[in-house]
Structure formats: structure tokens, C-alpha cells
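This report concerns only the one structure given below.
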Amino acid sequence: MTAKPATTASAASAATFDVERVREDFPLLARRVHDKPLVYFDNANTSQKPRQVIDAVDAHYREHNANVARAVHQLGEEATAAYEGARDQLAKFINAPSRDEVVLTSGTTQSINLVAYSYALPRLKPGDAILTTVMEHHANIVPWQIVAARAGATVKAAPIDERGELIVEKFVELLTPEVKLACVAHVSNVLGTVNPVRELARECRRRGIPLLVDGSQAVPHRPVDVQALGCDFYAVTGHKMLAPTGTGLLWARREHLDAMPPFFGGGEMIREVKFSGTTFAEAPHKFEAGTPNIAGFAGMGAAIGYYRTLGFDAIRAWEGELLAYATERLREIPGLRLVGEAAEKEPVISFLVEGAQATDLATLLDLEGVAVRSGHHCAHPLMQFYGVPATLRASLAFYNTREEVDAFVAALLKVRKLLM
Ligand code: PMP
């Protein structure tokens with residue numbers, strides 16, 4: 001079953017977005033939590049799933065379940081068609097030049113580790129460096145630290161300013177000859193900042209330095225075109241973009257994939273195995289050892305279908321309106337400090353409230369039915385930059401409403417009083 005469009009593509013504006021219709025597709029949004037209507041503002045952590053995705057996973061296990069690529073029987077062909085079909089859809093979703101450049105993974109963490117171990121580690125020499133930024137998720141820091149330490153290389157971080165924007169000139173200055181790879185988030189999971197990836201990619205290419213982009217927080221909100229971005233690697237996690245957990249992808253330029261040795265060895269990634277030596281399958285299969293998350297990728301196919309039906313024009317119009325409204329409402333709260341005020345943002349709002357601990361506020365908000373995240377958001381260096389141990393983060397999705405923003409602000413005003 002496909003989603004009904006919430007608005008027509010030609011009339012994509014916040015005014016015509018039928019959010020109530022869209023919400024009918026998300027069964028969990030009708031839940032109550034602590035006897036209050038749920039307000040789910042933890043979408044940067046993981047998104048909720050539409051029934052189209054849930055149905056696809058359910059149908060996979062009820063009607064099509066078999067392993068991929070290993071069976072000539074009908075069910076095996078159906079499972080393979082769903083899994084390989086998701087690769088086709090993902091390739092189109094990010095405008096990859098070829099489906100063979102799309103490695104299916106369990107998520108961004110695996111995608112980045114694949115590049116760390118298979119691309120970076122064999123190339124790094126003592127004295128080399130990897131450049132990343134202060135605003136990265138640990139998934140785009142720690143793998144680089146691990147392989148850099150093994151190779152005698154270092155990890156450098158480009159600075160940001162108080163508004164939470166990357167200081168592009170400093171990033172470019174840091175692209176020195178010993179830098180063998182640069183790694184940057186497309187969108188920050190804490191600040192919502194959208195980084196100027198095209199410009200960064202251009203500067204990297206000029207110096208012959210490959211650029212990896214962590215697209216985890218971008219793909220749920222904006223159309224991504226890896227060819228237009230001009231990067232070398234693009235990592236995506238599925239569970240933040242309506243798909244099941246344990247799904248994701250690594251896109252890489254063909255020349256990189258061809259030059260990269262396999263990371264995991266096992267079944268399905270070989271051409272021939274002999275004790276005298278094994279030959280490997282071509283990319284992307286040489287990176288996909290073992291049985292993958294087939295049901296998850298059946299759901300991924302449905303998730304992409306859902307985005308296609310809704311259309312990013314409509315999604316962006318509605319999310320833009322929600323971000324502006326929520327930011328304006330939060331500014332009304334005395335003692336509230338926004339963390340991250342970049343000129344270009346996706347709907348992620350981090351903040352602090354004077355006199356109250358972020359975790360205490362999040363715990364009390366939960367009792368009001370409001371799900372937000374508190375903590376360091378797997379971004380310790382960013383917390384260190386702002387000199388705070390934690391922030392509260394409200395992260396919105398296209399299925400959220402202005403009324404939910406009002407309920408969130410009312411709950412925040414209430415719980416703030418309790419802590420004062
Ligand atoms: N990068 C960013 C920017 C993220 O927000 C996340 C998830 N919080 C990750 C990487 C890691 O994604 P996953 O755990 O799905 O691999």
C-alpha cells in the first residue's frame with residue numbers, strides 16, 4: 001500500500017500540507033504515554049515508522065521469507081528482489097551514478113567503520129592526518145581515532161563558531177598535505193546545522209583529498225544528490241529515515257570501492273575460495289559478507305516509496321514552518337538558551353534552561369508525554385566546545401504539528417517551575 005500524497009507537488013507549501021492525514025500512517029503517534037498524548041520530538045534519534053514500512057516487514061516474514069542470493073526457489077528470488085530492489089531505490093534516492101556503488105550496511109556506524117578499516121587504515125602512514133570537525137557524532141570521530149592510532153597518524157578537528165557553523169576558512173586551512181581524508185556531517189545531529197558540503201568537497205578535490213560525508217541527519221529532511229555534492233563517500237542510516245533499524249548504506253565512488261579490500265570475510269562476498277587463496281566478488285558484494293537484514297531492506301524500499309509519494313518539497317515546506325514556529329515559541333521561555341543558531345538548519349533544536357539540569361527536564365517532560373533527548377548526543381567534543389555536559393534536544397519530523405509544539409512548550413514551562 002502506498003502513501004497518499006499530503007499535498008500535490010506543484011502546491012508544496014506549509015499551508016497545504018495535510019499533516020493530520022500523514023499522521024494516520026504512523027500508528028505509534030496515536031499512543032498515550034503516562035496517560036498523556038505522546039509528543040514525539042526525538043526524531044534525530046530514530047524516526048517513527050509508517051504502516052507502509054511496518055506492512056512491508058510483516059509481509060516479508062509472512063509471505064516471502066528466504067535467504068538472498070543462495071536459492072533458486074521462488075521465495076529466494078522474491079527475497080533477493082526485495083533486497084536488491086532496495087539497493088536500486090537507494091541508488092536513485094541519493095542519485096548514485098550506479099547501483100554497484102551502493103553498499104548495503106547496518107547503518108552509518110558500519111558504513112564509516114568500513115571506510116576507516118578498508119580505505120583509511122591501509123593508506124595511512126605515520127605523520128598522516130584525518131580531518132574532521134568539532135560538531136561530529138562520535139561515529140565520525142572514534143573510528144578515525146582507532147585507525148589513526150594504529151597507523152601512527154592523527155585526527156584533527158576543524159573549529160566551529162558560537163552559532164554552531166563550521167568555520168569554512170579554517171577547515172580549508174587545515175587541508176594540509178598530510179591530510180589523507182576529510183570527514184564531515186552533512187547535518188549536525190545536535191545543532192541542526194547544514195554544512196556547505198559542495199564547497200567543502202570542491203576544496204578537498206582541489207587538493208586531492210577524498211571527502212566522506214555523514215548523511216545520517218540529512219537524508220530524512222532533504223533530497224540528497226551525491227553527484228552534485230561532489231563528495232567521495234556518503235554514509236546513511238535507515239532508522240532515522242522511516243526504515244527499520246539495522247539498515248543503511250555506504251555510497252562510494254567506484255574507483256575507491258575497487259581499490260578497497262573487503263572488511264568482513266564470509267559467505268556471499270567471494271568468487272572462489274581455496275586454501276591456496278580466495279578471490280573476491282566485485283563491489284558492492286565483496287563488502288556484504290553474511291546474511292543481511294533482508295526484512296529491514298524490504299522495509300527500506302517502502303520507506304523510500306513513502307518519501308517519494310510525500311515529496312521533499314512538501315516535507316521541507318512543513319518542517320521549515322515547524323522549525324521556525326518551535327524556535328520562536330522556545331525564545332519566549334525565560335532563561336532558555338538555544339544551542340545552535342546556524343543560518344541554515346534542519347529541524348533540530350538544542351537548548352539549555354537556566355537553573356535546571358537537562359536530564360531532569362527531560363525526565364519530567366516524559367511524564368507529560370513529551371519525548372525529547374537529553375545528554376551529550378554522542379558529541380562530547382561539541383559539548384566541550386560549548387562548555388556544557390549536556391543539552392536538551394527537540395528534533396522534529398514532517399509528521400509533527402504546531403499543536404505538539406504548543407504542548408511541548410506548555411509542558412516545558414510547567415516542569416521548569418517544578419525545578420526552580
Ligand atoms: N552520525 C550522526 C550524525 C548521527 O546522528 C548518528 C545517530 N545518532 C550516527 C552517525 C550513528 O548512526 P547509527 O547508530 O544508526 O549507525
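If you scan region 48-81, which residues turn out to be assigned to a helix (DSSP H, G or I), of a type in the set (A, V, I, L, M) and crowded, with 19+ Cβ neighbours inside 10 Å? It would help to see each step written out before you state the result.
Going through region 48-81, the residues assigned to a helix (DSSP H, G or I) turn out to be 51-64, 74-81.
With of a type in the set (A, V, I, L, M) added as a condition, the list becomes 53-54, 56-57, 59, 75, 79, 81.
Of everything in region 48-81, those that are assigned to a helix (DSSP H, G or I), of a type in the set (A, V, I, L, M) and crowded, with 19+ Cβ neighbours inside 10 Å turn out to be V53, A56, V57, A79.
Condition check ((1) outside the structural domain of L90 (by TED's automatic domain parsing); (2) over 21 Å from M135 (Cα atoms)) across all residues:
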| position | (1), (2) |
| --- | --- |
| G299 | no, yes |
| A302 | no, yes |
| A317 | yes, yes |
| L322 | yes, yes |
| E328 | yes, yes |
| A343 | yes, no |
| A356 | yes, yes |
Looking only at region 95-107, which residues are away from the ligand (no atom under 16 Å from the Cβ) and either outside the structural domain of L250 (by TED's automatic domain parsing) or farther than 19 Å from E282 by Cβ (or both)?
-> N95
Counting only residues that are in contact with a helix residue (DSSP H, G or I) (Cβ under 8 Å, 6 or more places away or on another chain) and surrounded by fewer than 24 Cβ atoms within 10 Å (Cβ to Cβ), region 104-113 contains a total of 2
Hey, G107 farther than 30 Å from E173 by Cα and in contact with a strand residue (DSSP E or B) (Cβ under 7 Å, 6 or more places away or on another chain) or not = yes
Every residue from region 249-279 that is within 16 Å of the ligand (Cβ to nearest atom) and either under 22 Å from F398 (Cβ atoms) or part of a strand (DSSP E or B) (or both) = L249, L250, W251
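Whether any residue in region 36-47 is surrounded by fewer than 22 Cβ atoms within 10 Å (Cβ to Cβ), modelled with pLDDT of 95 or more, assigned to a helix (DSSP H, G or I) and more than 16 Å from the ligand (Cβ to nearest atom) is what I want to check.
Residues of region 36-47 surrounded by fewer than 22 Cβ atoms within 10 Å (Cβ to Cβ): 36-38, 42, 45-46.
Then drop every residue that is not modelled with pLDDT of 95 or more, which leaves 36-38, 42, 45-46.
Still in the list and also assigned to a helix (DSSP H, G or I): none.
Among the residues of region 36-47, not one is surrounded by fewer than 22 Cβ atoms within 10 Å (Cβ to Cβ), modelled with pLDDT of 95 or more, assigned to a helix (DSSP H, G or I) and more than 16 Å from the ligand (Cβ to nearest atom), which makes the answer no.
Restricting attention to region 108-129, which residues are within 16 Å of the ligand (Cβ to nearest atom) and aliphatic (A, V, I, L, M)?
Let us first name the residues in region 108-129 that are within 16 Å of the ligand (Cβ to nearest atom), namely 108-117.
Across region 108-129, the qualifying residues are I112, L114, V115, A116.
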Please identify the pairs in which a residue from region 267-290 that is in contact (Cβ under 8 Å) with a residue 12 or more places away in the chain has its Cβ atom under 6 Å from the Cβ atom of a residue that is part of a loop (DSSP other than H, G, I, E, B) and among the aromatic types (F, W, Y), counting only partners at least 6 apart or on another chain.
-> A289/F264
Out of region 382-420, which residues are buried (at least 21 other Cβ atoms within 10 Å of the Cβ) and over 16 Å from F351 (Cβ atoms)?
-> A397, F398, Y399, N400, E404
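Only one residue in T363, T291, T359 is within 22 Å of G248 (Cβ to Cβ) and of a type in the set (S, T, N, Q). Which one? Walk me through it before giving the result.
Numbers: T363 fails: within 22 Å of G248 (Cβ to Cβ); T359 fails: within 22 Å of G248 (Cβ to Cβ).
On inspection, the qualifying residue turns out to be T291.
Given the residues G238, G164, which is the only one that is on the phi > 0 side of the Ramachandran plot and not assigned by TED's automatic domain parsing to the domain that holds P347? I'd like the intermediate steps shown before the answer.
Values: G238 fails: on the phi > 0 side of the Ramachandran plot.
Checking each option against the conditions leaves just G164.
The values are calculated or read from the model by the stated rules, or taken from the named source; none is laboratory data. Model, not experiment: these values are computed from the prediction. Positions of Cβ are backbone-derived with ideal geometry, glycine not excepted, and every protein chain shown enters the neighbour counts.
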